[in-house]
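Accompanying notes for the structure given below.
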Amino acid sequence: MKVFNKTLELERFLAPFHQEKKTIGLVPTMGALHQGHLSLMKKALEENEVVVVSVFVNPTQFNNAEDLEKYPRNLERDAATIATLSDKIILFAPEVSQMYEGTPTSESYDFHGLDKVMEGSSRPGHFDGVATIVEKLFRLVRPTRAYFGEKDYQQILIIRSMVAQRKLNLTLVPCPIVREASGLAMSSRNERLSPQGKAQAAFIYQVLTEAKKRFASHSVEEVTAFVKEQFAEKAEAELEYFIIADEHTLQPATEKEAGVAYRAFIVAYIEGVRLIDNLAF
């Protein structure tokens, strides 16, 4: 496996592939790789001649310094995880100074309101940070396709908006959420849960699936009240938000309309770890 930590060296290595018009797949990650990430890499390998996986914990998308500090980092283990899938993947793991000159700062974007709801309202500036680093990676790697997991569904819409704003020539490939046997959405943050906490966190998906069933015959208000009640009865789980929204605009729904595709979004804390999930309704 080729490993690069300098932007210039990666650019030089990729130049011949661009000249030969080879297809390049990019899987941007923040490391702490799991089966969810591997599913993205697998799809990238199937669809492209060259695959680049980036591992970079991006400081500009963290609102909480403690969260940034606690974010799991183990490059050696990540490289070994990638190697279980293929030795042909190119790993790019830069230092912060390679991606940002001086103090890391975000660019400004106009996401037409996509960044004002859900994760955007609770984490101001977060999506500017996400879009900034992803744009930097896109300009560096110049991929044919880039792969993102639907666990971060809002992030996919944000990145799609950034690509359109900047007129970048690539295809975004959203990939389904990979779940533990319990239904818990796979996430790097799950590493911070104890075995007991992991078992408790399965409750999030259980409530989501039950809410989906109820949505067929109940109002938005009733389903939302049901979810809040479920969490109120669970001392070990703290609900931050549950929102049913139009899955294209992310505008929260107040009542059901014909022809609108809905998706439910949930954020909850287990053992102080912030976990997110979503489900198409």
Could you check segment 231-242 and list, in sequence order, the residues that are within 26 Å of the chain's Cα centre (by Cα) and without any contact (Cβ under 8 Å) to a residue 60 or more places away in the chain? PHE231, GLU236, ALA237, GLU238, LEU239, PHE242
Looking at segment 185-209, which of the residues that are within 19 Å of the chain's Cα centre (by Cα) and among the charged types (D, E, K, R) is nearest to ASP277 (Cα to Cα)? ARG189
Test each condition in (1) touching a residue at least 60 places away in the same chain (Cβ under 8 Å); (2) in a helix (DSSP H, G or I) for VAL163 and report the one that comes out false. (1)
Across segment 167-176, which residue is surrounded by the most Cβ atoms within 10 Å (Cβ to Cβ) among those that are of a type in the set (A, V, I, L, M, F, W, C) and assigned to a strand (DSSP E or B)? CYS175
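From ALA201, ALA261, ALA245, grab the single residue that is among the small types (Gly, Ala, Ser), more than 14 Å from VAL117 (Cβ to Cβ), surrounded by 14 or more Cβ atoms within 10 Å (Cβ to Cβ) and touching a residue at least 12 places away in the same chain (Cβ under 8 Å).
Values: ALA261 fails: surrounded by 14 or more Cβ atoms within 10 Å (Cβ to Cβ); ALA245 fails: more than 14 Å from VAL117 (Cβ to Cβ).
That would be ALA201, the only listed residue that is among the small types (Gly, Ala, Ser), more than 14 Å from VAL117 (Cβ to Cβ), surrounded by 14 or more Cβ atoms within 10 Å (Cβ to Cβ) and touching a residue at least 12 places away in the same chain (Cβ under 8 Å).
Rundown of residues vs (1) aromatic (Phe, Trp, Tyr); (2) more than 26 Å from ILE159 (Cα to Cα); (3) in contact with a helix residue (DSSP H, G or I) (Cβ under 6 Å, 6 or more places away or on another chain), yes/no style:
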| site | (1), (2), (3) |
| --- | --- |
| ILE177 | no, no, yes |
| ASN190 | no, no, no |
| PHE203 | yes, yes, no |
| ALA211 | no, yes, yes |
| PHE242 | yes, no, yes |
| GLU247 | no, no, no |
| PHE265 | yes, no, no |
| ALA268 | no, no, yes |
Consider segment 233-281. How many of its residues are over 18 Å from ASN190 (Cβ atoms) and in contact with a Gly (Cβ under 9 Å, 6 or more places away or on another chain)? 3
Here the residues within segment 145-154 that are surrounded by fewer than 22 Cβ atoms within 10 Å (Cβ to Cβ) and not aromatic (Phe, Trp, Tyr) are ARG145, GLU150, LYS151, ASP152
Which is surrounded by fewer than 19 Cβ atoms within 10 Å (Cβ to Cβ), among the aliphatic types (A, V, I, L, M), more than 22 Å from ALA280 (Cα to Cα) and out of contact with any strand residue (DSSP E or B) (no Cβ under 8 Å at 6 or more places or on another chain), of ALA131, ALA164, ALA181? ALA164
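Each value in this text was obtained by applying a stated rule to the coordinates, not by laboratory testing. Predicted model, so just to flag it, every value in this text is computed and none were measured. Note that we place each Cβ from the backbone using ideal geometry, even for glycine, and neighbour counts take in every protein chain shown.
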